[in-house]
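Asker: Structure in structure tokens, see below.
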Amino acid sequence: MSLLLRNVVGIPLWVVGFALAYQTPSAMLIQPSPITEILGWLLVAVGCIEILSALPMIGWRSVMPSVRDTLAIKGIYAHVRHPIYSGALLEFVGLALLKPTPTGVLACAVGIGGIIVQARLEELDLLQRLPAYHEYMNQVPRFLPRFRKKRTTSSG
């Protein structure tokens, strides 16, 4: 079900929506500057790099989930549970900076909302198919890596 929602409904619908939003003439919410353009392109690039580095690690598991799947916990997956989605979130923020119109920002906000819902649905599926996913969820953040180590309490 998660696969169907993401690949057949979610991604195509967002692409069409953003293309229409991008073409719709509209006033800018903020006046673009070289800094916002550089930041926008930087976020899009970093998001692309994150997605492209995560996809080979899971391969066909991202396209055709199966009960025989294994849990990806190395590389970027050791730092975030959903690096593909977090890369897409960076891209959406970057695109909103590059097209800061009401329609462009709305399309990106809908994309962000869709990613959050999709990640949750995917996690429900993973919890059923991969028993080790529950422990993984407790150790690794969903979208943003932790920059501080977790504190451990010691008795002594």
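Asker: Mind counting the residues in region 12-33 that are assigned to a helix (DSSP H, G or I) and of a type in the set (Val, Ile, Thr)?
Answerer: 2
Asker: Moving on to the next point. Being under 18 Å from the mean Cα position of the chain (by Cα), modelled with pLDDT under 90 and part of a loop (DSSP other than H, G, I, E, B) narrows it down to one residue among ARG68, ARG146, ARG142, ARG61; which is it?
Answerer: Every option except ARG146 fails the conditions.
Each row is one residue, and each column tells you yes or no for (1) within 17 Å of VAL15 (Cα to Cα); (2) at pLDDT 90 or above; (3) in contact with an Asp or Glu (Cβ under 9 Å, 6 or more places away or on another chain); (4) loosely packed, with under 15 Cβ neighbours inside 10 Å.
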residue	(1), (2), (3), (4)
GLY94	yes, yes, no, no
GLN128	no, no, no, yes
MET137	no, yes, yes, yes
SER154	no, no, no, yes
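Asker: Let me ask another. Among the residues of region 99-126, what is the count of those that are part of a helix (DSSP H, G or I) and over 19 Å from the mean Cα position of the chain (by Cα)?
Answerer: Residues flagged as part of a helix (DSSP H, G or I) and over 19 Å from the mean Cα position of the chain (by Cα) within region 99-126 amount to 2.
Asker: Looking at this structure, is ILE116 in contact with a helix residue (DSSP H, G or I) (Cβ under 7 Å, 6 or more places away or on another chain) and surrounded by fewer than 17 Cβ atoms within 10 Å (Cβ to Cβ)?
Answerer: So ILE116 fails the test.
Asker: State all residues of region 116-126 that are at pLDDT 90 or above and in contact with a Phe, Trp or Tyr (Cβ under 6 Å, 6 or more places away or on another chain); if no residue qualifies, say none.
Answerer: ALA119
Asker: Being surrounded by fewer than 15 Cβ atoms within 10 Å (Cβ to Cβ) and assigned to a helix (DSSP H, G or I) is the requirement here; does ALA88 meet it?
Answerer: It is false that ALA88 is surrounded by fewer than 15 Cβ atoms within 10 Å (Cβ to Cβ) and assigned to a helix (DSSP H, G or I).
Asker: Identify the residue in region 39-54 that is of a type in the set (Gly, Ala, Ser) and at pLDDT 95 or above and, among all such residues, is surrounded by the fewest Cβ atoms within 10 Å (Cβ to Cβ).
Answerer: ALA45
The values are calculated or read from the model by the stated rules, or taken from the named source; none is laboratory data. As the structure is a prediction and not an experimental result, all values here were calculated from the model. Counting neighbours? That spans all protein chains shown, and the Cβs are built from the backbone with ideal geometry, glycine included.
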